[in-house]
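The values are calculated or read from the model by the stated rules, or taken from the named source; none is laboratory data. Everything quoted here is computed from the prediction, not taken from an experiment. Reconstructed Cβ throughout: ideal geometry from the backbone, glycine too, with neighbour counts over all protein chains shown. Heads up: the accessible areas ignore ligands, DNA and RNA and are worked out on the full protein's heavy atoms, side chains in. Shrake-Rupley method; radii C 1.70, N 1.55, O 1.52, S 1.80 Å.
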Amino acid sequence: MNVRLWPDQIERLRATGNAAATIRYAVMRYKRGDFKRKLRNREAKRGIRMGTISLWNDPGIKADKLRAVLDAHFLIPDAVRHAEIDREIAELDEQIAEMMKVYAVRPDRAYIIEQGDTENE
């Protein structure tokens, strides 16, 4: 499937390294309701030609709405994702603080962290 997008959108999608994943994520955010205000399409300007990007799967919305969704996606940060990341960082900071306490008590002993599956080692 080919989708016609604005040149700056194609450039940003190519810069991400995975245009299809970025489009899927933007559509997911749209369906989740991240973009509260009404999406507005840009007016076509004379002399600016749209480019085409090929996708394996249909994004589930029409091309004109996809262009508006991508504009909103690039403009509005994902508050839900940022909250998850902040929570994960806080948990990791707590773990590091606990590790440093143990290390500070017994600096003469080696402190080894084991993670994941040790069967393959």
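Here is how the numbers come out for the structure above:
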{"quantity": "Cβ-Cβ FRET estimate between ALA104 and ALA83, R0 fixed at 41 Å, reported to 0.05", "calculated": "0.85"}
{"quantity": "Förster-model FRET efficiency, 22 Å R0, ASN41 and ASN2, C-beta, rounded to 0.05", "calculated": "0.75"}
{"quantity": "Highest average packing first - 25-37, 72-84, Cβ atoms within 10 Å", "calculated": "25-37, 72-84"}
{"quantity": "Compactness relative to 2.2 N^0.38 Å, alpha carbon Rg of the chain", "calculated": "1.64"}
{"quantity": "Angstrom value of the Kirkwood radius, inverse mean 1/r, which spans all Cα pairs in the range 1-54", "calculated": "12.6"}
{"quantity": "Close Lys-Lys pairs in the chain, where close means Cα under 25 Å and separation is 8 or more or interchain", "calculated": "8"}
{"quantity": "Stokes-Einstein D in µm²/s, Kirkwood radius over Cα pairs - the range 53-100 at 20 °C with 1.002 mPa s viscosity", "calculated": "153"}
{"quantity": "Span-rule helices in the chain, defined as complete DSSP H runs reaching 20 Å or more along the axis (Cα) with Kyte mean at least -1.0", "calculated": "79-105"}
{"quantity": "Probe 1.4 Å, all protein chains present, accessible-area order of LEU92, LEU39, largest first", "calculated": "LEU92, LEU39"}
{"quantity": "Contact order normalised by residue count of the chain, Cα under 8 Å, 6+ apart, percent", "calculated": "34"}
{"quantity": "Separation of the ALA90 and MET50 label points, Cα + 7 Å toward Cβ, nm", "calculated": "4.3"}
{"quantity": "Magnitude of the charge dipole, the chain, Cβ model with Lys/Arg +1 and Asp/Glu -1, debye to 20", "calculated": "1560"}
